[in-house]
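Structure record follows, encoded as structure tokens.
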Amino acid sequence: MDVFKDKIDRYAYTAAFLAALAAFLVYLPSLQHGFVNWDDQAYIYDNPDIRSLNFGFLRHVFTSVLVANWHPLTMLSFAIDFRLWGLNPFPYHLENIILHAVNTFLVGLITARLFNYGGDRRNAAFAGGVAALLFGLHPLHVESVSWASGRKDVLSGLFFFMSVLFYLNYKRQGSATGYIASLVAFALALMSKPIAVILPAVLLILDFYPVNTSPVKKRLLEKAPFFLLSVGAALLTLWAQSSAEAIAPMEGFPLASRLLTALWSLAFYLYKTVLPFGLAPFYPREVSPNISDYHYLAPIVVVIAITAFCVYKLKSNKLYMAAWLYYLVTLAPVIGVIQVGSQAAADRYMYLPALGPFIIVAALLCLGRGRVVKTALLIIIFVPLAFITIRQEAVWKDPVSLWSREIQVYPDEPVGYSNLGIAYKDRGDLKKAIDNYDKALKIDPGYADAYNNRGVAYLKAGMPGESLEDFTRALALNPQNTDALLNRATAYINLGEFGYAVRDLSRHIESSPGDPRLARDYFNRGIAFTGLDDLDSALADYNASIALDPGFAGAYINRGGVFMKKGEYKWATDDFNAALAINPDDAIAYYNLGVISSKLGETDRAVYNLRKAASLGLNQAEAYLREMGY
């Protein structure tokens, strides 16, 4: 018999639905947000991979590393969004909110089913509603929902919770359909974000509580397909993150430090769950933690105390131990033993694990007697949570608000200043950008990325000499910084040092055969070869650029310019027309077509193209027309 077929269980559905509705409403302010310069550029607005939705794209996302991960379903969702909406951020945020609301509903049903095994179905509905409200409204989840790139969290969460729900159905009904559905949902969760690899362990915890209905051997055998998928996804993830050099090497962050950080993380997330203040997009990692420091000693005591409490309650109620084990297991991949990135923690890492503490809170609230007491407790907890969540959403409105928050929480860390500098640079406020880079470098004079970022700002400000110094300094600090290498090549081009530009670009082209920036590299080296008057080499590079990116209008323009210099006007005309097919408002293409027509004596055509270029704002077209007497 399914536990959701009689009257009382409609309350569980109602409680879960109302919690989902509350979550949806609380996150509506996020619909006014734009994108931020914290992975959104890599996933969405600067990502060429999502621009085409075809078989080639599907093959690419299922066989390639994208943003240091293998998560083809997440990339597919972004490609669909781009096909439907372009770069309008509204629908990207709306879909995240809808997915989070659905996940909130699923959390309510899962919790109700866990409590329903105890036989009190009214209490189960209440517990489901409490856990769902905590999940839907807690500020720790703002990062996963209000951040467009948080799609991987909410999408993976959807299939993760569906898999758990299907598994519980299978255990209660013994239906093969439930088992297969759970396995398929698990596979989809893995393809959304590899954090789902921990699901087989979660299913074993469910066998401990509340299921516990079959022999141990059978329980292990039925998990075998799940573990096989999990191992495969884990290997894919290690391959992806290793190839992207995202995993911190052991010599830079030794095992003892990682273990201390892991224990600290377990307590840190609980602390932020209870007191969700001081939330930030980036929590700096301490390189050499010390167990004698109370910041690391206290978390060890907390973890031991909670574990002892759960052991004490084991005979009377296994729920506490099951929820605590769930928390430990789901956090295990991201607590720093295998260190990915330079952060100590991240709010998004709590999207799945938070359910453990939320279930324990629901269990404790169920101990309250009377509707008045329970209603008062709900108001005391959820009204402030909703308020804090709405306030936290504003942090993710745009890059300036995001990194201003980082600086507010961590004023002595350079990351916030550097990223705020990027935000101002993207707004065109180069003075504020450079000021923030200066602050970052004052805190950490060895911060290579800040030198590179300041160099970009100097370059945009028309100061190639200063930018060259910064790019060179960034490379001295980190010779593997390819962004600094390519930016230095651009600085050399701006300074007319074309030979040095060719050297830097050739170094990257030869060492990075699969880099998606190669089309731009060949293009820039073509400019440098043109500056050296090596037209044949320039032509070869523009050919290579177009072969890698047939939609790169600038490469057609520059190749057409080389053909003009060589006097091959037919080929030049074809290239300029190709550029206009890609960008019908390309003034340079019209101008060059006008110049060619003028040289060929085709005055009417020349005047038409030059006037078109002038109407698009190209002043030199007006000057050329005046020379022609028009």
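The values are calculated or read from the model by the stated rules, or taken from the named source; none is laboratory data. All values derive from a computational prediction rather than experimental measurement. Glycine also receives a Cβ, built like all others from the backbone with ideal geometry; neighbour counts cover every protein chain displayed. SASA here: full protein model, heavy atoms, side chains in, ligands and nucleic acids out. Shrake-Rupley method; radii C 1.70, N 1.55, O 1.52, S 1.80 Å.
Below, the figures for the structure above:
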{"read-out": "Residue within the range 30-53 that is closer than 16 Å to SER146 by Cβ, among the aliphatic types (A, V, I, L, M), in contact (Cβ under 8 Å) with a residue 24 or more places away in the chain and touching an Asp or Glu at 6+ places or on another chain (Cβ under 9 Å) present", "value": "yes"}
{"read-out": "Number of the condition not met by GLU95 [criteria: (1) assigned to a helix (DSSP H, G or I); (2) in contact with a Pro (Cβ under 9 Å, 6 or more places away or on another chain); (3) open to solvent by 30 Å² or more (accessible area, probe 1.4 Å)]", "value": "(2)"}
{"read-out": "So ILE443, is it over 30 Å from VAL274 (Cβ atoms) and buried (at least 20 other Cβ atoms within 10 Å of the Cβ)", "value": "no"}
{"read-out": "Meets criteria (surrounded by fewer than 24 Cβ atoms within 10 Å (Cβ to Cβ) and out of contact with any Pro (no Cβ under 7 Å at 6 or more places or on another chain)) for ARG122", "value": "yes"}
{"read-out": "Test result for LEU158, at pLDDT 95 or above, touching a helix residue (DSSP H, G or I) at 6+ places or on another chain (Cβ under 8 Å) and surrounded by fewer than 24 Cβ atoms within 10 Å (Cβ to Cβ)", "value": "yes"}
{"read-out": "Criterion violated by GLN32 - all others in (1) closer than 25 Å to ARG405 by Cβ; (2) surrounded by 15 or more Cβ atoms within 10 Å (Cβ to Cβ) satisfied", "value": "(2)"}
{"read-out": "LYS315 farther than 30 Å from GLN480 by Cα, in a loop (DSSP other than H, G, I, E, B) and either at pLDDT 75 or above or open to solvent by less than 50 Å² (accessible area, probe 1.4 Å) (or both)", "value": "yes"}
{"read-out": "Qualifying residues in the range 483-504 (those that are open to solvent by less than 50 Å² (accessible area, probe 1.4 Å) and of a type in the set (S, T, N, Q)) - the one farthest from the chain's Cα centre (by Cα)", "value": "THR490"}
{"read-out": "Search result, residues across the range 132-157 that are farther than 27 Å from ALA12 by Cα and polar (S, T, N, Q)", "value": "SER146, SER149"}
{"read-out": "Single residue of TYR417, TYR410 found to be open to solvent by 50 Å² or more (accessible area, probe 1.4 Å) and hydroxyl-bearing (Ser, Thr, Tyr)", "value": "TYR410"}
{"read-out": "Selection count where residues are touching a helix residue (DSSP H, G or I) at 6+ places or on another chain (Cβ under 9 Å), under 16 Å from LEU548 (Cβ atoms) and not in a helix (DSSP H, G or I), scope the range 483-529", "value": "4"}
{"read-out": "From LEU532, LEU625, residue being among the aliphatic types (A, V, I, L, M) and loosely packed, with under 15 Cβ neighbours inside 10 Å", "value": "LEU532"}
{"read-out": "Residue in the range 429-438 that is most open to solvent (accessible area, probe 1.4 Å), counting only those that are part of a helix (DSSP H, G or I) and not aromatic (Phe, Trp, Tyr)", "value": "LYS431"}
{"read-out": "Any hit, the range 223-236, residues being open to solvent by 80 Å² or more (accessible area, probe 1.4 Å), modelled with pLDDT of 90 or more and closer than 27 Å to PRO414 by Cα", "value": "no"}
{"read-out": "Within the range 548-604, considering residues that are aromatic (Phe, Trp, Tyr) and open to solvent by less than 40 Å² (accessible area, probe 1.4 Å), the one nearest to the chain's Cα centre (by Cα)", "value": "PHE552"}
{"read-out": "Criterion: farther than 30 Å from ASP49 by Cα, modelled with pLDDT of 95 or more and not in a loop (DSSP other than H, G, I, E, B) - qualifying residue of ASP575, ASP536", "value": "ASP536"}
{"read-out": "So LEU84, is it part of a loop (DSSP other than H, G, I, E, B) and open to solvent by 50 Å² or more (accessible area, probe 1.4 Å)", "value": "no"}
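The rows are residues; the columns are (1) touching a Gly at 6+ places or on another chain (Cβ under 6 Å); (2) at pLDDT 90 or above; (3) not hydrophobic (A, V, I, L, M, F, W, C).
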position	(1), (2), (3)
ILE247	no, no, no
MET250	no, no, no
PRO254	no, no, yes
SER257	no, no, yes
THR261	yes, no, yes
LEU270	no, yes, no
THR273	no, yes, yes
GLY278	no, yes, yes
TYR283	no, yes, yes
